[in-house]
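Below is one structure, written out as structure tokens; the observations come after it.
What follows draws every value from the coordinates through simple rules; no lab data is involved. On a predicted model such as this, the values are computed, not experimentally measured, just so you know. So basically every Cβ, Gly included, is an ideal-geometry build from the backbone, and we count neighbours across all protein chains shown.
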Amino acid sequence: MIRGISDTRLVGREGKTENTVVDVGGVLVGGPDIVVMAGPCSVESEEQLLATAIAVKRAGAKILRGGAFKPRTSPYSFRGLREEGLKLLAEARRATGLPVVTEAMDTRHLDAVCAHADMIQIGSRSMQNYALLEEVGKLRVPVLLKRGFSATIEEFLLAAEYIASGGNGRIVLCERGIRTFETSTRNTLDLSALPLLKRWTHLPVIVDPSHGTGLWWLVPHMARAAVAVGADGLLIEVHVNPQAALSDGEQSLRPETFERMMNDIGPMAHAMGRGW
Ligand code: PEP
Ligand code: MN
């Protein structure tokens, strides 16, 4: 029973002992294997995306991430290559065979995103965009729903319920850190949300330690910790040249660091009884 939570009749754990497994272009999220989604924060160019995609695949990532529509705090920051970015993602998918996840910030982006990607990301800032949740609920495309940075776990689950109540149950939840008084890190990664969510919902839950910390060197530590508390997967920002990144360079791993992180997580995944 979720303390005080009113109505999570579809995404709630009650009456459903089996975990939901979401098929993302043939990759199963929420099954025995821990799934890593990795790639640049923003798609910047063909060379940048392809080089990163090849590197993350070699290191063991199963899904390619990359932002084409970027929600930026300042309107003067790089806001993404938009449709051109989606085309590059589809090209990287053809080249590597990796399914693709990318963000839709608006209902107007959905047709284009669905035409080029295997999974729609709903970003932290959009978790309470109920019009967007409703439209995504009408689709039958997998959704990566990120926790709002000021959202309680109850609000997070009810946002997922919006999508599910429209008929789309293909939802993967993502803990990506919340805003607290702490300023040493970009956000405070709420790892207690993992066992809580696992208790309260049958949906798969992954962790994004990149946005959760904002610091590249903290990412491998928190990725290991995420696996230890039961994450079904990880979302990791990787860039071939973080210093030159047009967004989130300070939290992006170089391919070599990503590869080392992937090698280090194996024993933790196995200790948790998960495939890797
Ligand atoms: C992202 O994944 O690049 C992103 C913008 O994440 P969030 O919505 O969690 O801030
Ligand atoms: Mn980012």
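As an exercise, take the mean of 1/r over every pair of distinct alpha carbons in the stretch 6-119, invert it, and state the Kirkwood radius in angstroms. Provide the component values of the computation, followed by the final result.
Numbers: mean 1/r = 0.0653 Å⁻¹.
Computed over the stretch 6-119, the radius equals 15.3 Å.
Taking 25 Å as the cut-off for C-alpha to C-alpha distance, list the pairs among 62/198; 57/138; 16/57 that go past it.
Those over the limit are 57/138; 16/57.
Over the chain, calculate the relative contact order: mean separation of alpha carbon pairs under 8 Å at least 6 apart, over the residue count, as a percent. Walk me through the intermediate numbers first.
Numbers: 610 pairs, mean separation 58.5, N = 276.
Normalised by residue count, the contact order of the chain is 21 percent.
Simple spin-label model, 7 Å along Cα-to-Cβ: residue 125 to residue 140 in nm?
A separation of 3.3 nm, rounded to one decimal place.
For residue 45, put the label point 7 Å out on the Cα→Cβ axis and report which residues of the stretch 232-263 keep their amide N under 16 Å from it.
So the set is 239-247.
For the stretch 206-276, build the charge dipole from Cβ charges (+1 Lys, Arg; -1 Asp, Glu) around the Cα centre, then report which of 272, 258, 227 sits farthest towards its positive end.
Highest projection toward the positive end goes to 272.
Applying 1/(1 + (r/R0)^6) with R0 = 45 Å to the Cβ-Cβ distance of residue 271 and residue 179, what FRET efficiency is obtained, to the nearest 0.05?
0.90
Determine the gain in length on full extension of the stretch residue 94-residue 111; use 0.36 nm per residue of separation and subtract their C-alpha separation, reporting nm with one decimal.
4.2 nm
For the chain, set up a GNM with springs between Cα atoms under 10 Å and report which of 116, 239, 221 has the largest fluctuation.
In this elastic network of the chain, the residue with the biggest mean-square fluctuation among 116, 239, 221 is 221.
Fewest Cβ neighbours within 10 Å first, please rank 76, 162 accordingly.
Details: 76 7, 162 22.
Ranking 76, 162 by Cβ neighbours within 10 Å, fewest first, gives 76, 162.
Take the Cα coordinates of the stretch 202-276, assign each an equal point scatterer, and use the Debye formula without solvent to give log10 I(q)/I(0) at q = 0.24 Å⁻¹.
For the stretch 202-276 at q = 0.24 Å⁻¹, log10 I(q)/I(0) is -1.06.
Report the antiparallel proportion of the DSSP beta bridges in the stretch 85-240 as a percent, rounded to a multiple of 5.
Antiparallel: roughly 5 percent of the beta bridges in the stretch 85-240.
For the stretch 166-276, with only Lys/Arg (+1) and Asp/Glu (-1) charged at the beta-carbon, what is the dipole magnitude about the Cα centre, in debye rounded to 20?
Here the stretch 166-276 has a charge dipole of around 340 debye.
Relative to 2.2 N^0.38 Å, what does the C-alpha radius of gyration of the stretch 106-168 come to as a ratio? Two decimals please. Don't jump to the answer; show the numbers that get you there.
Values: Rg = 10.9 Å, N = 63, 2.2 N^0.38 = 10.6 Å.
Relative to the rule-of-thumb radius for its length, the stretch 106-168 sits at 1.02.
Could you give P(r) for the stretch 147-276, binned at 10 Å from zero, as whole percent values over all Cα-Cα pairs?
13, 40, 33, 13, 0
Pick out which of 104, 53, 228 has the largest mean-square fluctuation in a Gaussian network model of the chain, springs linking Cα atoms closer than 10 Å.
228
Take the alpha carbon gyration tensor of the stretch 68-129, find the square roots of its eigenvalues, order them as a ≥ b ≥ c, and report rounded if a/c is under 1.5; if not, report prolate when a/b exceeds b/c, else oblate.
prolate
For the stretch 16-94, give the magnitude of the charge dipole about the Cα centre (Cβ charges: +1 Lys/Arg, -1 Asp/Glu; no others), in debye to the nearest 20.
So the magnitude is around 140 debye.
Based on alpha-carbon atoms only, what is the radius of gyration of the chain relative to the globular estimate 2.2 N^0.38 Å?
0.91
Among DSSP bridges having both ends in the chain, what percentage is antiparallel? Round to the nearest 5.
If I count the DSSP bridges inside the chain, around 15 percent turn out antiparallel.
Where the centre of each part is set by its Cα atoms, how far does the stretch 1-71 sit from the stretch 179-248, in angstrom?
Measuring centre to centre over Cα atoms gives 13 Å.
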